[in-house]
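Below: the structure, in structure tokens.
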Amino acid sequence: MSIGRAPSSCGGGGGGANLRGPSCQSCGILIMRADEFGRDKTGVIRTEYCRYCYDRGVFTEPDLTVEQMIENLAKTIMTSRRNMTIEDAREKAKEQITGLRRWTAK
């Protein structure tokens, strides 16, 4: 995907206890600004998803599986936590998306 920060590179901040803002129900990142929310077909803000996962009423990567999302998030986690193993990063990613609406609906 070639737009800004796509779902394959999401995952920088979901679940932080001291942070404010809703979490994307697809990738788990914290949505801190209005321009980071996804939008429906008519341009209305959808507060449950970030713009990197949901745009113009559809998921930006509609065929993405939960396993692929875990792998994408694990890679992102590893870029910010260089001393973490890939196995630990995958576990952290799995924890981050467990219970998110997009993945529990399937």
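Do we find that GLU61 is modelled with pLDDT of 65 or more, out of contact with any strand residue (DSSP E or B) (no Cβ under 7 Å at 6 or more places or on another chain), in a loop (DSSP other than H, G, I, E, B) and at negative phi in this structure? Before the answer, list the steps.
Working: modelled with pLDDT of 65 or more: yes; out of contact with any strand residue (DSSP E or B) (no Cβ under 7 Å at 6 or more places or on another chain): yes; in a loop (DSSP other than H, G, I, E, B): yes; at negative phi: yes.
Yes: the conditions hold for GLU61.
Counting only residues that are part of a loop (DSSP other than H, G, I, E, B) and over 25 Å from GLU95 (Cβ atoms), how many does region 34-58 have?
Pass one, region 34-58, residues part of a loop (DSSP other than H, G, I, E, B): 40-44, 51-53, 56-57.
Still in the running and over 25 Å from GLU95 (Cβ atoms): 40-44, 56-57.
Residues meeting the conditions: 7.
Step by step: first the residues of region 86-106, then only those that are loosely packed, with under 11 Cβ neighbours inside 10 Å and not small (Gly, Ala, Ser), then the one that is modelled with the lowest pLDDT. Which residue is that?
LYS106
Take region 33-46 and flag every residue that is surrounded by fewer than 20 Cβ atoms within 10 Å (Cβ to Cβ) and under 13 Å from the mean Cα position of the chain (by Cα). Break it down into steps so the answer makes sense when it comes.
Step one: of region 33-46, the residues surrounded by fewer than 20 Cβ atoms within 10 Å (Cβ to Cβ) are 33-37, 39-46.
Result: GLU36, PHE37.
Would you be able to tell me the number of residues in region 1-48 that are farther than 17 Å from ILE70 by Cα and at pLDDT 55 or above?
Residues meeting the conditions: 21.
Tell me which residues, restricted to region 18-57, are without any contact (Cβ under 8 Å) to a residue 12 or more places away in the chain and closer than 15 Å to ARG101 by Cα.
ARG46, the sole residue that qualifies.
Going residue by residue through region 80-91, is there one that turns out to be under 13 Å from GLY28 (Cβ atoms), among the small types (Gly, Ala, Ser) and within 15 Å of the chain's Cα centre (by Cα)? Let's see the steps before the verdict.
If we filter region 80-91 for residues that are under 13 Å from GLY28 (Cβ atoms), which is where we start, we get none.
Checking region 80-91: not a single residue is under 13 Å from GLY28 (Cβ atoms), among the small types (Gly, Ala, Ser) and within 15 Å of the chain's Cα centre (by Cα).
Could you tell me whether TYR54 is touching a Ser or Thr at 6+ places or on another chain (Cβ under 6 Å) and hydroxyl-bearing (Ser, Thr, Tyr)? Please lay out each step first, then the result.
On the way: touching a Ser or Thr at 6+ places or on another chain (Cβ under 6 Å): no; hydroxyl-bearing (Ser, Thr, Tyr): yes.
Spelling it out, it is not the case that TYR54 is touching a Ser or Thr at 6+ places or on another chain (Cβ under 6 Å) and hydroxyl-bearing (Ser, Thr, Tyr).
The values are calculated or read from the model by the stated rules, or taken from the named source; none is laboratory data. Everything numeric here is computed off the predicted structure, so don't read it as measured data. As a convention, Cβ positions derive from the backbone with ideal geometry for all residues, glycine included, and neighbour counts pool all protein chains shown.
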